[in-house]
Amino acid sequence: MVERNSEPSAQERAGRPFPVSWDQFHRDCRALTWRLNEVGPFHAVIAITRGGLVPAAIVARELGLRVIDTVCVASYDHDKQGDLKVLKGISEQTAKLGGGTGKGLLIVDDLVDTGKTGKLVRELLPDAHFATVYAKPKGRPLVDTYITEVSQDTWIFFPWDTALSFQPPIRDGAA
Ligand SMILES: O=P(O)(O)OC[C@H]1O[C@H](OP(=O)(O)OP(=O)(O)O)[C@H](O)[C@@H]1O
Ligand SMILES: O=c1[nH]c(=O)c2nc[nH]c2[nH]1
Ligand SMILES: [Mg+2]
């Protein structure tokens, strides 16, 4: 028998699954960009790694931005959130574009959940515009622009974390 840690993971606590396909994610990123296009212009896009890399690429393409930097953060180990660690900040060149406080910079992440990651990037760049594709209620106040709100007990399954698999028919107990 496989020994299991008795403490439920964030994913298990969330319970409600929300799988997102590549198509849907692309559509949601484009919808996000329509909103951001009303707010900009921006000097540069900053992706919060790793989840923010995919939406940042799409948003940068749509906004015609070619200066792209990263803030590399480690928090969730798969689905358990530990202490936040900034592994890498933005470059000196990008910091200059934002006047030191992030003004005119666009921070992009895939989602806000508890808001811990959002709070950290806000502390690093208080005047930057923070955009996410999805938002859960606890983190939502930290975000300037987002597209879809899901309940706090939802776990979003991103297309880069998942693969197509057989599902039993609903009548046989499928979720
Ligand atoms: O609002 P919070 O509770 O802080 O959670 C949101 C963060 O969690 C996920 O990243 P994760 O730390 O799992 O790393 P990853 O982007 O490398 O997958 C997600 O991409 C957000 O960055
Ligand atoms: O893939 C993910 N889905 C989520 O809902 C989530 N919340 C925090 N981190 C997350 N990662
Ligand atoms: Mg992330």
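Kindly list the residues of the range 89-118 that lie in the label zone of Ser165, defined by a backbone N under 18 Å from the point 7 Å along the Cα-to-C-beta vector.
Zone members listed by number: none at all.
Once you charge only the Cβ atoms, +1 for Lys and Arg and -1 for Asp and Glu, what is the size of the charge dipole of the range 23-175 about its Cα centre, to the nearest 20 debye?
Magnitude of the dipole: close to 260 debye.
Take every Cα pair under 8 Å in the chain that's 6+ residues apart, average their separations, divide by the length, and report that relative contact order as a whole percent. Intermediate results must be reported in sequence, preceding the final value.
Details: 297 pairs, mean separation 43.2, N = 175.
This gives 25 percent for the chain.
Please compute the modelled spin-label separation between Asp153 and Cys72, points set 7 Å along Cα→Cβ, answer in nm with one decimal.
3.8 nm
Using the Cα gyration tensor of the range 25-154, with a ≥ b ≥ c the square roots of its eigenvalues, what is the shape: rounded (a/c below 1.5), prolate (a/b larger than b/c) or oblate (neither)?
On the way: a/c = 1.65, a/b = 1.15, b/c = 1.43.
Oblate.
Nearest-5 percent of antiparallel DSSP beta bridges in the range 19-145? Provide the component values of the computation, followed by the final result.
Working: 5 of 21 bridges.
The antiparallel proportion sits near 25 percent.
In a GNM of the chain with a 10 Å cut-off on Cα contacts, which of Val45, Val112, Val20 has the highest mean-square fluctuation?
Answer for the Gaussian network model of the chain: Val20.
At 222 nm, what helix-only mean residue ellipticity would the chain give, in deg cm²/dmol to the nearest 500, using -39500 (n - 2.57) for each DSSP H run of four or more?
Details: 5 runs with 49 residues, N = 175.
So the helix-based figure for the chain works out to -8000 deg cm²/dmol.
Please give the length that would be gained between Glu62 and Lys103 if that part of the chain were fully extended, namely 0.36 nm times their separation in residues minus their C-alpha to C-alpha distance (nm, one decimal). Kindly include the intermediate steps, with their values, before the conclusion.
Values: separation 41, 0.36 × 41 = 14.76 nm, distance 2.04 nm.
12.7 nm is the gain from fully extending Glu62 to Lys103.
What residue among Ala14, Ala128, Ala44 has the largest mean-square fluctuation in a Gaussian network model of the chain, using Cα springs under 10 Å?
Answer for the Gaussian network model of the chain: Ala14.
Distance from a point 7 Å along Cα→Cβ of Asp127 to each backbone N in the range 45-67: keep the residues under 19 Å and list them by number.
Correct set: 45-46.
Two decimals, Cα atoms only, Kirkwood Rh: what is Rg/Rh over the range 121-175? Don't jump to the answer; show the numbers that get you there.
Values: Rg = 16.4 Å, Rh = 14.1 Å.
Rg/Rh: 1.16.
In whole percent, what relative contact order does the range 41-143 give with Cα contacts below 8 Å and a gap of six or more residues? Can you show the working numbers first?
On the way: 197 pairs, mean separation 28.8, N = 103.
About 28 percent, as a whole number.
Any read-out appearing in this document is the output of simple, stated calculations on the displayed coordinates, not a laboratory observation. Values in this document were obtained by computation on a predicted structure and should not be read as measured data. Cβ: placed from backbone, ideal geometry, glycine included. Neighbour counts: every protein chain shown.
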